[in-house]
Amino acid sequence: MGALFPQELIRQEMSSDRYIGIPDEVLAVYKLWRPTPLFRAKRLERLLETPARIYYKYEGVSPAGSHKPNTAVPQAFYNAKEGIKRLTTETGAGQWGSALAFACSIFNLDCEVWQVRASYDQKPHRKTMMETWGAKVYPSPSAITATGRKMLAEDPNCPGSLGLAISEAVEVAVQDSNTHYALGSVLNHVLLHQTVIGEECLLQLAKAGETDVDILIGCTGGGSNFGGLAFPFLREKFAGKMNPVIRAVEPAACPSLTRGVYAYDYGDTAGFTPLMKMHTLGHDFIPDPIHAGGLRYHGMAPLISHLYNLKLMEAIAIPQKECFQGALQFARSEGIIPAPEPTHAIAATIREAERCRESGEAKVIVLALCGHGHFDLASYEKFLSGEIEDLDYSDEKAAAAMASIPVVKQ
């Protein structure tokens, strides 16, 4: 792992410490946008005529417009401290690439980003944002790497995937001792950095007079946003202080938790990464080009996969048309246009609030609103004009990808 990550992040990845301190240099950058606000969605409650109390933790106020700088900043800091000069990475919708470009600009690092082709084409202004912070951005698959050239030879119109973009970024990083790779989700240290979301949320709920939470809802792709909110609440649940239902929501077209298998698999398409035990659709799986590009990943964070396997949390999958409809209800009541990724959590929240309307229960629902959709208006335009279709998980594609999962003797 030393060829890819600084020693401090490797230590955090393997650490059994209950708490790990945040360096002063990282806190100084966090102060640009943290703490992020916790809002009561009173207008949405009135629209839905529900007795439920809905709160949302809004991460869209960060410079990059999402939760991703919470880990981009410490990752850039630790790499710079170790003398690394350049970071490579992948990005889907562009939130992670934007966040790392921002963080690298703060700590004077070069940054190169491989963006999944489908999102590179759908969201051109994310590329401009990354370049404004000094990053170089390539569509994935690209002709720059052997991995990308191989995929383009097989399918010149390949829409790409996060797993493939990871392979390209890792391939470049390992060829230069002054370069490291940075991952925006999945790994333990990434989810650790994101727990600042849940820690703040607990304190904010207490200030609002809420001592218990009935349901916690977040979208899941690799798991960083969901884990960041949920893990501190799980600690409180294990301590007997509250007992929330914790519900992950994933796209119907890329349902790693609800349709995947729990097995050892590679975190990338080419098989450069170590094997990780996780819920996976197979590292060869190329999801359909849904508009929630940040959720198009074949696997799930090992920590979240473990919790799901232990039945300590729930997971559901929702198609994208229902998600966009929920986004319109949210935008027209709360005023915030959400990114396509958290629309999955919004749709699940609306379902729960409507059940509360039928039952009369005044449940407390906490929603992870991990970013705004200002760079996703082309997706909204397509939905409003009736051009968006629901894309399902293909059994045929699934069988082919599942066949690529390594057989590991345990």
Kirkwood Rh and Cα-based Rg: tell me the resulting Rg over Rh for the chain, rounded to two decimals. 0.94
Going by Cα centres, region 165-199 and region 90-137 are how many Å apart? 14
FRET efficiency, GLU154 to GLU13 (Cβ-Cβ, R0 25 Å, nearest 0.05): 0.15
Name the long-range amide H neighbours of ALA317: under 5 Å, sequence gap of 5 or more, or other chain; modelled H, no Pro or chain starts. GLU250
Along region 14-19, Karplus-curve 3J(HN,Hα) (6.51, -1.76, 1.60; θ = phi - 60°) to the nearest Hz, with x for Gly and Pro, reads 9, 5, 9, 5, 5, 10
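What length, rounded to one decimal in nm, is gained on full extension from THR132 through to LYS397, with 0.36 nm per residue of separation minus their alpha-carbon distance?
Net length gain for the segment: 91.6 nm.
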Between MET1 and LYS42, how many nm apart are label points set 7 Å from Cα along the C-beta direction? 4.7
Output the relative contact order of region 82-131, whole-number percent, from Cα pairs under 8 angstrom with separation of 6+ residues. 45
For the chain, can you list the cysteines whose C-beta has no other cysteine C-beta under 4.7 Å from it? CYS158, CYS201, CYS219, CYS254, CYS323, CYS356, CYS370
On the accessible surface of region 182-231, probed at 1.4 Å, how many percent belong to carbon and sulfur atoms? 59
How big is the gap, in Å, between the Cα center of region 264-284 and the Cα center of region 319-389? 30
Under the rule of -39500 (n - 2.57) per DSSP H run of 4 or more residues, summed and divided by the residues of the chain, what mean residue ellipticity at 222 nm is obtained, to the nearest 500 deg cm²/dmol? -12500 deg cm²/dmol
Mind listing which trypsin sites (Lys or Arg not before Pro) in region 195-277 are in a DSSP loop and have 15 or fewer other Cβ atoms within 10 Å? LYS241
The chain, accessible area per residue, ligands and nucleic acids excluded (1.4 Å, Å²): 39
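Note the full-extension length gain between VAL174 and LEU310 as 0.36 nm times their separation in residues minus their Cα-Cα distance, in nm to one decimal. The partial results should precede the final answer.
On the way: separation 136, 0.36 × 136 = 48.96 nm, distance 3.56 nm.
That works out to 45.4 nm of additional length.
Could you sort out which of LYS81/LYS127; LYS81/LYS277; LYS57/LYS277; LYS42/LYS363; LYS150/LYS397 sit more than 24 Å apart by Cα distance in this structure? Don't skip to the answer; put the middle values down first.
Details: LYS81/LYS127 27 Å; LYS81/LYS277 31 Å; LYS57/LYS277 30 Å; LYS42/LYS363 14 Å; LYS150/LYS397 19 Å.
Violating the 24 Å Cα-Cα cut-off are LYS81/LYS127; LYS81/LYS277; LYS57/LYS277.
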Cα centroid separation - region 1-22 against region 23-49, whole Å: 27
Give the angle, between 0 and 90 degrees and rounded to the nearest 10, that separates the Cα long axis of helix 320-334 from the longest principal axis of the Cα atoms of the chain. 60
Can you pull the accessible area of LYS382 for me, 1.4 Å probe, Å² to the nearest 10? 90
Taking a ≥ b ≥ c as the square roots of the eigenvalues of the Cα gyration tensor of region 209-335, is the shape rounded (a/c under 1.5), prolate (a/b larger than b/c) or oblate? oblate
Where does the longest stretch of the chain lie that holds no GluC sites (Glu not before Pro) found in a DSSP loop with 15 or fewer other Cβ atoms within 10 Å? 83-360
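The values are calculated or read from the model by the stated rules, or taken from the named source; none is laboratory data. These numbers come from a predicted model, not from an experiment. Positions of Cβ are backbone-derived with ideal geometry, glycine not excepted, and every protein chain shown enters the neighbour counts. For the accessible areas, the whole protein counts, side chains as well, though only heavy atoms, and no ligand, DNA or RNA atoms are used. Shrake-Rupley method; radii C 1.70, N 1.55, O 1.52, S 1.80 Å.
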